Amino acid sequence: MGKITGFLEFDRKVESYAPVEERVKNYHEFTVPLKDNELKDQGARCMDCGIPFCHSGCPLGNLIPDFNDAVYRGKWDKAAKILHSTNNFPEFTGRLCPAPCEEACVLGINEDPVTIENIEKNIVETAFAKGWVVAEPPATRTDKKVAVVGSGPAGLAAAQQLNRAGHHVTVFERDEKPGGLLRYGIPDFKMEKNIIDRRLKVLEEEGIEFKCGVHVGKDISGEDLKNDFDAVVLSGGATVRRNLPIEGADLKGVVQAMDFLPQNNRRVDGVKTFENEIMATGKDVVVIGGGDTGSDCIGTSIRHGATSVSNFEIMPMSTVERPEGQPWPFWPMRLKTSTSHKEGAERFFSISTKKFLGDKDGNLTGLVTSEVEWIKTPGQRPQLKEVPGTEKEWKCELALLALGFTGSEMTIAEQLGIEADDRTNIKASEADYKTNVPGIFAAGDQRRGQSLIVWAISEGRQAAYHVDTYLMGESALPLKGEGDLPRV
Ligand SMILES: Cc1cc2nc3c(=O)[nH]c(=O)nc-3n(C[C@H](O)[C@H](O)[C@H](O)COP(=O)(O)OP(=O)(O)OC[C@H]3O[C@@H](n4cnc5c(N)ncnc54)[C@H](O)[C@@H]3O)c2cc1C
Ligand code: SF4
């Protein structure tokens with residue numbers, strides 16, 4: 001433990017943000033980092049608990065008190081080694097994770113928790129700045145070939161771990177560049193894409209081969225892939241979007257969030273023309289769906305120059321404090337207000353969209369909503385009920401549907417006879433990540449359903465361990481929370 005009295009002396013302090021009127025003029029990240037001495041103080045707040053509940057909150061089992069202590073002592077190189085021993089890509093989670101570790105932090109019982117996520121980001125940024133993040137190719141190679149389908153955080157983590165074990169790894173990606181939702185979902189203002197590129201350079205130098213623009217199941221059959229490789233990891237994400245099948249849903253201007261966001265990321269990346277250009281400029285925009293995807297649509301619409309942005313959420317507004325029944329150290333469903341929400345969106349809760357309205361040319365002009373309430377009966381799922389007399393008409397020229405995802409694309413699974421679970425994801429147990437077809441494994445959103453980056457990295461790492469064991473009879477790769485420090 002760094003400073004015994006640290007948690008008594010220092011208040012929680014995280015990085016601040018550039019003013020709204022400045023940051024919405026572009027797509028750059030807008031955080032203002034803390035100074036080194038401020039970060040040391042934040043590291044000093046960690047109590048090095050006998051039972052560090054932060055570990056159990058983190059799906060990667062990050063060795064949090066150890067790197068907090070190293071930061072307090074100014075030993076950034078040691079901190080970077082500890083952090084990378086359990087997390088292949090802390091630069092993604094340090095920016096984008098909702099930080100379940102902080103909700104589980106013991107200090108959070110009666111104080112503000114340790115700023116674990118921000119410390120993590122600063123450790124990895126220091127490591128890149130100092131040139132400590134370098135390729136670590138394996139000393140020896142096996143004769144085994146592994147295919148990874150999908151280059152999101154799950155696929156990238158699996159690929160790096162399997163390459164470290166000495167296997168020949170090829171990552172297949174249907175998009176033009178690797179990164180999955182990190183590149184073609186999450187906007188640049190949350191994470192600029194050079195952050196992915198600098199890590200990909202390291203992975204390529206380590207010997208991982210990337211084949212982009214290859215849609216497995218179409219350009220290569222699942223059968224060919226299975227025959228050409230000794231093992232296959234399916235990590236294609238859960239990308240099938242949920243629709244809103246109501247009157248007027250086919251009007252021009254009713255758009256899926258996951259058509260809007262990837263297009264904008266490509267625009268920021270320099271793509272000039274699109275077949276169906278989707279812009280929010282000068283429009284009254286309604287974002288339907290109150291999650292991360294909805295929040296990203298808000299920030300993007302505001303940067304386009306929308307006239308107004310409203311955000312509808314069908315669930316009631318949560319409390320800012322932990323709700324009753326979700327005590328520490330569990331993840332609480334509290335009201336989340338993102339930086340995008342604060343950029344000028346108006347939020348409405350317990351509201352349901354009933355129909356879209358259009359003009360004679362088929363353009364969206366508005367929509368109709370009702371207020372709803374959730375009726376709770378003990379032992380049953382809450383029932384949605386419309387509140388009579390609350391119908392309201394809204395002006396709207398762009399409605400963005402951010403309603404979540406219903407499952408994964410199952411073409412490869414169908415080609416290879418792989419079983420699906422009841423949510424149309426690939427059936428594979430967390431015990432070994434094996435599908436019902438020998439040699440085929442699944443990880444990340446394609447296995448667990450749409451989730452979080454930290455879970456995707458964790459699943460990629462765990463699946464790699466089981467693939468390595470399948471190929472070699474045993475594995476020296478680490479399991480969750482073990483870290484791989486002796487090998488770094
Ligand atoms: C808009 C949005 C914002 C989000 N924001 C956050 C956030 O702030 N924090 C957070 O923790 N999580 C966030 N998430 C969730 C997070 O992005 C995902 O949980 C995570 O990316 C899942 O990783 P993955 O590797 O399993 O899949 P993905 O990232 O979905 O990657 C799958 C990849 O596989 C490719 N692929 C699929 N099928 C094939 C095929 N047949 N052949 C070749 N390639 C294929 C896809 O093109 C894609 O590149 C967000 C999600 C969305 C949609
Ligand atoms: S629970 Fe919080 S205070 Fe305790 S070791 Fe983890 S980060 Fe430090």
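What the table shows:
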read-out	value
Residue check for LYS385: touching an Asp or Glu at 6+ places or on another chain (Cβ under 6 Å), open to solvent by 70 Å² or more (accessible area, probe 1.4 Å) and not assigned by TED's automatic domain parsing to the domain that holds GLU22	yes
Selection within segment 414-459 - hydrophobic (A, V, I, L, M, F, W, C), in contact (Cβ under 8 Å) with a residue 40 or more places away in the chain and open to solvent by 40 Å² or more (accessible area, probe 1.4 Å)	LEU452, TRP455
Filter result for the condition that a residue is more than 15 Å from ligand 2 (Cβ to nearest atom) and either within 25 Å of the chain's Cα centre (by Cα) or aliphatic (A, V, I, L, M) (or both), over HIS28, HIS55	HIS28
Count of residues meeting criterion [at negative phi and outside any strand (DSSP E or B)] in segment 202-224	14
Residue check for VAL320: part of a loop (DSSP other than H, G, I, E, B), aliphatic (A, V, I, L, M), more than 23 Å from the chain's Cα centre (by Cα) and surrounded by fewer than 17 Cβ atoms within 10 Å (Cβ to Cβ)	no
Where GLN161 falls short, out of the listed (1) within 16 Å of ligand 1 (Cβ to nearest atom); (2) assigned to a loop (DSSP other than H, G, I, E, B); (3) open to solvent by less than 10 Å² (accessible area, probe 1.4 Å)	(2)
All positions within segment 149-162 that are within 19 Å of the chain's Cα centre (by Cα) and of a type in the set (A, V, I, L, M, F, W, C)	VAL149, ALA154, LEU156, ALA157, ALA158, ALA159
Single match in GLY50, GLY61, GLY94 (criterion: within 29 Å of LEU200 (Cβ to Cβ) and at pLDDT below 95)	GLY61
Subset tally (residues that are open to solvent by 30 Å² or more (accessible area, probe 1.4 Å) and either farther than 27 Å from ALA280 by Cβ or in a strand (DSSP E or B) (or both)) for segment 304-315	1
Among the residues listed as SER458, SER451, the single one being assigned to a loop (DSSP other than H, G, I, E, B) and under 23 Å from the mean Cα position of the chain (by Cα)	SER451
Total residues in segment 113-127, condition open to solvent by 30 Å² or more (accessible area, probe 1.4 Å) and either in the same structural domain as HIS168 (by TED's automatic domain parsing) or touching a Ser or Thr at 6+ places or on another chain (Cβ under 8 Å) (or both)	1
Filter result for the condition that a residue is open to solvent by 70 Å² or more (accessible area, probe 1.4 Å), assigned by TED's automatic domain parsing to the domain that holds THR293 and among the acidic types (Asp, Glu), over GLU397, GLU373	GLU373
Any hit, segment 327-346, residues being open to solvent by less than 60 Å² (accessible area, probe 1.4 Å), among the hydroxyl-bearing types (Ser, Thr, Tyr) and touching a Gly at 6+ places or on another chain (Cβ under 6 Å)	yes
Number of positions in segment 63-87 that are polar (S, T, N, Q) and out of contact with any Leu (no Cβ under 7 Å at 6 or more places or on another chain)	1
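The values are calculated or read from the model by the stated rules, or taken from the named source; none is laboratory data. Since the structure is predicted, the reported quantities are computational estimates derived from the model, not experimental observations. Cβ coordinates were reconstructed from backbone atoms using ideal geometry, including for glycine residues, and neighbour counts include every protein chain displayed. Accessible surface is based on the protein model in full, side chains and every heavy atom, while ligands, DNA and RNA are left aside. Shrake-Rupley method; radii C 1.70, N 1.55, O 1.52, S 1.80 Å.
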